[in-house]
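Beneath this line is the structure, given in structure tokens, with notes to follow.
Any read-out appearing in this document is the output of simple, stated calculations on the displayed coordinates, not a laboratory observation. Nothing here was measured: the structure is a model prediction, and the numbers come from that model. Note that we place each Cβ from the backbone using ideal geometry, even for glycine, and neighbour counts take in every protein chain shown.
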Amino acid sequence: MIRALTCILLLASAQALAQAPQPARFGPNEGQVLEVDKAAGEITIQHGYIPELSMDPMSMVFDVADPALLDRVKKGDRVRFKAGLVGGRFAIIAIDPLKPKRKESP
């Protein structure tokens, strides 16, 4: 009986750990794409302050939850992104390029 209960608990734990990416746990942030590495599934972003982590602005390499996200941006783009925990790692779960600001006419 104890063995069966242990097996059930182990299976339930394994299912919980193998879940899809968690919803965004961090608010949207903005930054600039410094590098896109499609082969590694990574993107380097110079980002602003991330209050949920008390993380100062910096350049950081992020994993991406879905490699297709990297097709949406290129080096030099200003972006808005959301991050979350994917497989226990901090990763980009959504990213969109920002439209360039219009220059005002004199």
Segments 49-59, 63-73, 31-41 sorted - mean Cβ within 10 Å per residue, highest first: 63-73, 31-41, 49-59
How much net charge surrounds residue 63 when only the other residues with a Cβ under 11 Å from the Cβ of residue 63 are counted, with Lys and Arg +1 and Asp and Glu -1? -2
Straight-line reach from residue 82: which aspartates and glutamates fall under 17 Å, measuring Cα to Cα and dropping same-chain residues less than 8 apart? 30, 42, 52, 56, 63, 66, 71, 96
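Let me check against my output: what whole-number percent is the relative contact order of region 21-97, with C-alpha pairs under 8 Å and at least 6 apart? Before the final figure, lay out the partial values.
On the way: 178 pairs, mean separation 27.6, N = 77.
Answer for region 21-97 is 36 percent.
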